[in-house]
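Reviewing the structure listed below.
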Amino acid sequence: MNSATETIVIALTRGRILAETLPLLEQAGVQPLEDMACSRKLKFPTSMAGVSLLVMRGSDVPVYVENGAADMGVAGKDMLLEYGGDGLYEPLDLGIARCRLMTAMPEGASETGGRLRVATKFTRIAKRWFAEQGRQVELIRLDGALEIAPAMGLADAIVDIVDTGNTLRANGLAPAETIAEISSRVIVNKASMKIKSRPVRAILERLAAAVPAQPL
Ligand code: PRP
């Protein structure tokens, strides 16, 4: 980044995605100047002049990027699908934080054919997916404690992220259908891609070079 006038703000998703993103950013030459995981601050300068990092919840990353409060971002595909719209570019799959967005039901249960009660925090994705299949569902929005909802009689099924499957098993649930394969993606604000094309593309190229080859 050698133009003093161009600044680039990159919004990152806190937690596991942050832990897996930072080594890729470091290989791309962007290293936070202090430990992001140990700080209460939300904005960090980096080793690359003009480039700063924000850290936030994944659901907030597309909001910052689409509205131009950040030029670029890293968020899970689940968050991007739930956010929806076409107000962002999504030029790079980092291949990290891989998991699946799935439906799950109590072990041994099967659909009765009636109206299924589905608990999820991904209500837009679930609404679209069940509608595409012509299945009638009642969606129950929860922000957490999803996996216990069927056992407590709140729902018949859930839609949630499954990684190892341990959380499902620990709560007597079994995975059913895969709605989407998830990994973390780089997103870019549409105006930044044009106006700050040179530094944005430089960072994208360096990040792409840092991403290990993906299994087919
Ligand atoms: C996610 C997800 C599941 C769990 C799945 O929760 O919501 O609860 O991971 O992982 P597993 O298949 O390996 O058990 P996370 O701990 O990321 O927190 P969240 O509830 O805030 O999403």
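The values are calculated or read from the model by the stated rules, or taken from the named source; none is laboratory data. What you see is a predicted model; the values in this text were computed from it and never measured. We place every Cβ from the backbone using ideal geometry, glycine too, and count neighbours over all the protein chains shown. Only protein heavy atoms, including side chains, enter the accessible area calculation; ligands, DNA and RNA are left aside. Shrake-Rupley method; radii C 1.70, N 1.55, O 1.52, S 1.80 Å.
Points worth noting:
- Once the range 109-125 is narrowed to residues that are within 16 Å of the ligand (Cβ to nearest atom), touching a helix residue (DSSP H, G or I) at 6+ places or on another chain (Cβ under 9 Å) and of a type in the set (A, V, I, L, M, F, W, C), the residue that is farthest from Gly84 (Cα to Cα) is Val118.
- Filtered residue count, the range 133-160, keeping only those that are modelled with pLDDT under 95 and either in a helix (DSSP H, G or I) or basic (Lys, Arg) (or both): 1
- Pairs are defined by a Cβ separation below 9 Å, a sequence spacing of at least 6 or placement on different chains, a first member in the range 142-155 that is in contact (Cβ under 8 Å) with a residue 40 or more places away in the chain, and a second member that is outside any loop (DSSP other than H, G, I, E, B) and open to solvent by 80 Å² or more (accessible area, probe 1.4 Å); the pairs so defined are Glu147/Ala170.
- Any hit, the range 3-15, residues being of a type in the set (D, E, K, R), within 16 Å of the ligand (Cβ to nearest atom) and assigned to a loop (DSSP other than H, G, I, E, B): yes
- Flag for Gly113 being part of a loop (DSSP other than H, G, I, E, B) and touching a residue at least 60 places away in the same chain (Cβ under 8 Å): no
- Among the residues of the range 195-216, the ones that are part of a loop (DSSP other than H, G, I, E, B) and closer than 19 Å to Ala69 by Cβ come to 1 in all.
- Number of positions in the range 115-127 that are open to solvent by 40 Å² or more (accessible area, probe 1.4 Å) and more than 18 Å from the chain's Cα centre (by Cα): 3
- The range 161-194 - residue that is open to solvent by less than 40 Å² (accessible area, probe 1.4 Å), part of a strand (DSSP E or B) and over 30 Å from Ala208 (Cβ atoms) and, of those, nearest to the ligand (Cβ to nearest atom): Leu173
- Filter pass, Val9 being among the aliphatic types (A, V, I, L, M), closer than 26 Å to Lys190 by Cβ and in contact (Cβ under 8 Å) with a residue 40 or more places away in the chain: yes
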